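Report on one structure; see the data block that follows.
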Amino acid sequence: MAKYDYVPSPFMANSIVKWVDHRLPIFTLIDEQLVKYPAPRNLNYLWNFGSLAGIMLVVMILSGIFLAMNYNPSTAGAFDSVERIMRDVNYGWLIRYIHMNGASMFFIVVYIHILRGLYYGSYKYPREILWWLGIVIFLLMMATAFMGYVLPWGQMSFWGATVITNLFSAFPIVGEHIVLWLWGGFSVDNPTLNRFFALHYLMPFVIAGVVLLHLWALHVHGSNNPLGIDAKGPQDKIPFHPYYTVKDAFGLAVFFIIFAYFVFFSPYTLGHPDNWIEANPLVTPPHIVPEWYFLPFYAVLRAVPDKLGGVLLMFGSIAILFLLPWLDTSRVRSARFRPAYRVFFWLFVICCLALGWAGAMPAEGVPLLVGQVATVWYFLHFLVFLPLLGWFERPLPLPASIAEPVLGGGKAGMVAATKPMEKA
Amino acid sequence: MRTAKLLIASVLAFGLGLGAASAAEAPKPPAQKWAHTGFFGTFDRAELQRGFQVYKEVCAACHAMHQIRYRNLAGIGLSEAEIAAIAKEYEVTDGPNDEGEMFQRPARASDRFKSPFPNQQAARAANGGAYPPDLSLIAKNRVGGENYVYALLTGYKETPPAGVTLMDGMYYNDWFAGHQIGMAPPLSDDRVTYADGTKATLAQQARDVSVFLAWAASPHLEARNSLGVKVMIFLIILAGLLYATKRKVWRDIKH
């Protein structure tokens, strides 16, 4: 994988390191892929969100394991066991609030990560498979979060699970069978809760596996950058350590301040009050809403009066992302040099926010109309605007190299810029 | 950087805005001033104990608090002896014993609060079909939390506004979803007599029991606040140090 001129770090000369590395080259891997790994010199703070997402995955797995040790996956005991965690387990409230709010933080981080990819064209050649793997991770995250939300067995857990699993009944012929198979019975009940718990515990490890593939694909061609142009030589890159390790560490501390604010001072804000009521199959909540991070998709689902149509649109809204590298016909990656795309990017962001708002409201009147208009815009963005923009847009001139805008052209600049690569 | 800030701000605003938006089901109760809100909030022990008295003498006739055990009352400042004395007032079913019989015994500190009804059906049957909800988590599972509890308890109107006809056995309340509530006004002036001499006005009792229920829903609130402040201070200092380190490391890199 290492295509750059790799010079081993000093620690590689240690005799124990050498002994191990000769048999299992784990230190070479660390040195090549984490320490000396060349990264574009111009990455901004939006490039922090990949490592933040990875750290959130670890936070969720660790807090989740401790919750699972005290959780009882049965309809009779789930709600009370969660309350026992909150009240009687030492620091149980802390672990639970980290896990609950961690899910929201994970999605915020991943949404910013995805939007960064959209803005800077990170999905384009040669990173299409890297992009696909990201979408797969996103889908797995959605499934994991959905099943996790069912486990506390509150009112929204139960009714959310009922609504979402029922979606599959929209498919002709096989639909009803799929739903029975998902439930393991004739309604959302104890077998459903059991399997959701088992799968909720399994999925994060599947995610971790796909994350490794995502990183592998990333490290073949390296990170994209705010200019969206390829690195031309060593002057364009700096070693990952210490430059990006320290930058990521600073970003992580800032992110944890926001995370800690929610955990300690506002732990219920991002959740729905109804989920603190134990599930009751006989009482339907006034209106059933998913967690905030699913609201845009919920709005797409409800945009058409036809159930099957809504389900297809909802799945389509994510499936279309797989085609994005070919729907975007522009050869220029970064929106910085695409004046027209930049406008459409922000319109797309507004469109997603409008979908989220519409998803939180009852599906009638103005919210329904907003949801429908935004749904149409969402698909137009990918199917019409992006292909046409590539043809009609006149991109701004690209800089000759990543180093040029900061160091100026010419040989002197090149020499000065090679220094960092030799340092460290 | 400008884009980064915009992006983060809009995504956060999105998340937070929706939290508020999902609260659209019932009128939002006005926020009261509580001692336990804010970064340094703590519960007033005297208020908690008065609130427990209101629950015990009034609410507990119909409303269970399944998640609370007598020993938890240490959190409102009661001593072990006081807790044991309170528990002993209740008879709970235990068993089976060696003869296979269930038997009655006085409650212990480790027992859950005794529920007024053996099951939900019995609770409904005794209350004209309306189920008096469990109060353990009422300050978390209603929009507005303890503000809602206070608003509801003080929000009864003897005569409904013009044009509203109440159904049989219902009462008008400004803050209940749909305004028709099956619970008769539970509190009135001097419904309880406070041992500490506080004047038991309707508003005072409503306030005290709201605080008690807020504590019952979040008994670790004080631990949460005090640890939270420490964690925040730590993280802010850490972020500052890391920022300085980042500046130093990046000093020679033009970017």
Response to the item:
Taking a crude spin-label model, label points 7 Å out from Cα along the C-beta direction, the residue A:282 to residue A:23 distance in nm is 6.6
Worksheet, complete the sentence: Taking Cα atoms only, Rg over Rh for the stretch B:59-173 with Rh from the Kirkwood formula is 1.08
Response to the item:
Projecting the Cα atoms of B:38, B:215, A:276 onto the charge dipole of the protein assembly as shown, where Lys and Arg contribute +1 and Asp and Glu -1 at Cβ, the residue farthest towards the positive end is B:38
Item to complete: Can you pull the one-decimal nm distance between simple spin-label points at residue B:174 and residue A:366, each 7 Å off the Cα toward Cβ?
Response: 2.6
Worksheet entry | Placed amide H near residue B:92: partners under 5 Å, 5+ positions off or other chain | B:105, B:107
Practice prompt. Quick one: which residues, 5+ away or cross-chain, put their amide H under 5 Å from the amide H of residue B:69? H built at 1.01 Å from N.
Written response: B:113
Response to the item:
FRET efficiency for residue B:121 and residue A:34 from the Cβ-Cβ distance with R0 = 45 Å, rounded to 0.05, comes out at 0.15
Worksheet, complete the sentence: FRET efficiency (residue A:76, residue A:269; Cβ distance; R0 35 Å; to 0.05) is 0.70
Practice prompt. Go ahead and collect, in residue order, the members of the stretch A:252-296 whose backbone nitrogen is under 19 Å from a label point 7 Å along the Cα-Cβ direction of residue A:189.
Written response: A:279-284
Fill in: FRET efficiency, residue A:215 to residue A:128 (Cβ-Cβ, R0 25 Å, nearest 0.05)
0.95
Worksheet item: Which aspartates and glutamates does residue B:248 reach when only Cα atoms under 18 Å apart count, and residues fewer than 8 places away in its own chain are ignored?
Response: A:248, A:422
Discussion item. Test of understanding: given chain A, find the longest segment containing no trypsin sites (Lys or Arg not before Pro) that are in a DSSP loop and have at most 15 other Cβ atoms within 10 Å.
Written reply: A:4-231
Item to complete: Pop a pseudo-label 7 angstrom from the Cα along the beta-carbon direction at both residue A:171 and residue B:230 and give the gap in nm to one decimal.
Response: 5.2
Worksheet item: Reachable aspartates and glutamates from residue B:254, Cα under 13 Å, same-chain residues fewer than 8 places away excluded?
Response: A:236, A:404
Item to complete: Enumerate the calculated ³J(HN,Hα) couplings along the stretch B:46-63 in order (Karplus 6.51 cos²θ - 1.76 cosθ + 1.60, θ = phi - 60°), each rounded to whole Hz, writing x wherever the residue is Gly or Pro.
Response: 5, 5, 4, 5, 5, x, 4, 4, 4, 4, 5, 8, 10, 4, 5, 4, 10, 9
Practice prompt. State which stretch of chain B is the longest one without any exposed trypsin sites (Lys or Arg not before Pro), exposure meaning a DSSP loop state and at most 12 other Cβ atoms within 10 Å.
Written response: B:34-198
Worksheet, complete the sentence: For the stretch A:243-352 (alpha-carbon point model, no solvent) the Debye-based log₁₀ I(q)/I(0) at q = 0.12, 0.22, 0.23 Å⁻¹ works out to -0.81, -1.17, -1.19
Fill in: Dimensions in Å of the protein assembly as shown - Rg and Dmax from alpha carbons
29.3, 98
Worksheet item: When the label point is put 7 Å from the Cα of residue A:319 along its Cα-to-beta-carbon vector, which residues of the stretch A:367-399 have a backbone N closer than 14 Å?
Response: none
Item to complete: Return one quarter of the surface area of the convex hull spanned by the alpha-carbon atoms of chain B, equal to its mean projected area, in nm².
Response: 21.9
Response to the item:
Violations at 21 Å Cα threshold for listed pairs B:33/B:199; B:56/B:199; A:18/A:232; B:28/B:56 -> A:18/A:232; B:28/B:56
Worksheet item: What aspartates and glutamates sit close enough to residue B:230 to cross-link, taking a C-alpha to C-alpha distance under 20 Å and skipping anything fewer than 8 places away on the same chain?
Response: B:222
Item to complete: Using a 1.4 angstrom probe on heavy atoms only, work out the carbon and sulfur share of the accessible area of chain A in %.
Response: 73
Worksheet, complete the sentence: Here the stretch A:121-130 yields Karplus 3J(HN,Hα) values (6.51, -1.76, 1.60; θ = phi - 60°; whole Hz; Gly and Pro given as x) of x, 5, 8, 7, 2, x, 10, 5, 6, 4
Discussion item. Per DSSP helix of 4 or more residues, -39500 (n - 2.57); summed, then divided by the residues of the protein assembly as shown. What does that give at 222 nm, rounded to the nearest 500?
Written reply: -17500 deg cm²/dmol
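The values are calculated or read from the model by the stated rules, or taken from the named source; none is laboratory data. Remember, predicted model here, so these are calculated numbers, not experimental data. Methodologically, a virtual Cβ is constructed for each residue, glycine included, from the backbone with ideal geometry; neighbour enumeration extends over all protein chains shown. We work out accessible area using only protein heavy atoms, side chains counted, and drop any ligands, DNA or RNA first. Shrake-Rupley method; radii C 1.70, N 1.55, O 1.52, S 1.80 Å.
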